Amino acid sequence: KIGMPHTVPCKVTGKCGSVLVRLVPAPRGTGLVSAPVPKKLLSMAGFEDCYTCATGQTATLGNFAKATFSAIAATYAYLTPDMWSPTVFTNSPFQEYTDYLAKP
């Protein structure tokens, strides 16, 4: 097994006002590489390893936090294999009626 998810599934962005926050997946053991505001939100969201990149007026902490939150919310749109519903396979008609089809 690979283990439980520890980072974002792929590169995601969030925007609020002029602030644009980009979350980038990081290898296991990297930690949260970000400013204090996104680091607090990412740790509360359960991420252990993540790179961040922020542009815009990040001194506006409200917009910075909302942009980070919208980037985290964008990760919930991805369906990971642990959330797949179980597939029930049925026999094809050729397999099901082989005895009948084999008769001359």
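Tally time: how many residues in region 29-65 are without any contact (Cβ under 8 Å) to a residue 24 or more places away in the chain and under 21 Å from PRO5 (Cβ atoms)? Selection size over region 29-65: 11. For region 72-88, the candidate set comprises residues that are part of a helix (DSSP H, G or I) and either hydrophobic (A, V, I, L, M, F, W, C) or open to solvent by 100 Å² or more (accessible area, probe 1.4 Å) (or both); within that set, the residue that is nearest to GLY46 (Cα to Cα) is ILE72.
Residue count for region 89-104, restricted to those that are open to solvent by 100 Å² or more (accessible area, probe 1.4 Å), of a type outside the set (S, T, N, Q) and part of a helix (DSSP H, G or I): 5. None of VAL24, VAL8 is among the hydrophobic types (A, V, I, L, M, F, W, C), modelled with pLDDT under 95 and touching a strand residue (DSSP E or B) at 6+ places or on another chain (Cβ under 6 Å) except VAL8.
In this structure, is VAL88 of a type in the set (A, V, I, L, M, F, W, C), at pLDDT below 95 and touching a Leu at 6+ places or on another chain (Cβ under 7 Å)? In short, no. Determine if region 71-78 includes at least one residue that is more than 17 Å from the chain's Cα centre (by Cα) and either β-branched (Val, Ile, Thr) or modelled with pLDDT of 95 or more (or both). So far as region 71-78 goes, no, none of its residues is more than 17 Å from the chain's Cα centre (by Cα) and either β-branched (Val, Ile, Thr) or modelled with pLDDT of 95 or more (or both).
Within region 1-60, restricting attention to residues that are more than 17 Å from the chain's Cα centre (by Cα) and small (Gly, Ala, Ser), which residue is nearest to ALA71 (Cα to Cα)? Within region 1-60, the match that is nearest to ALA71 (Cα to Cα) is ALA54. Per the listing LEU42, LEU23, LEU61, LEU32, the residue uniquely among the hydrophobic types (A, V, I, L, M, F, W, C) and open to solvent by 80 Å² or more (accessible area, probe 1.4 Å) is LEU61.
The values are calculated or read from the model by the stated rules, or taken from the named source; none is laboratory data. All of these numbers come straight from a predicted model, not from anything done at the bench. Here the Cβ is made from the backbone with ideal geometry for all residues, glycine too, and neighbour counts use every protein chain on show. For accessibility, only protein heavy atoms count, side chains too; no ligands or nucleic acids. Shrake-Rupley method; radii C 1.70, N 1.55, O 1.52, S 1.80 Å.
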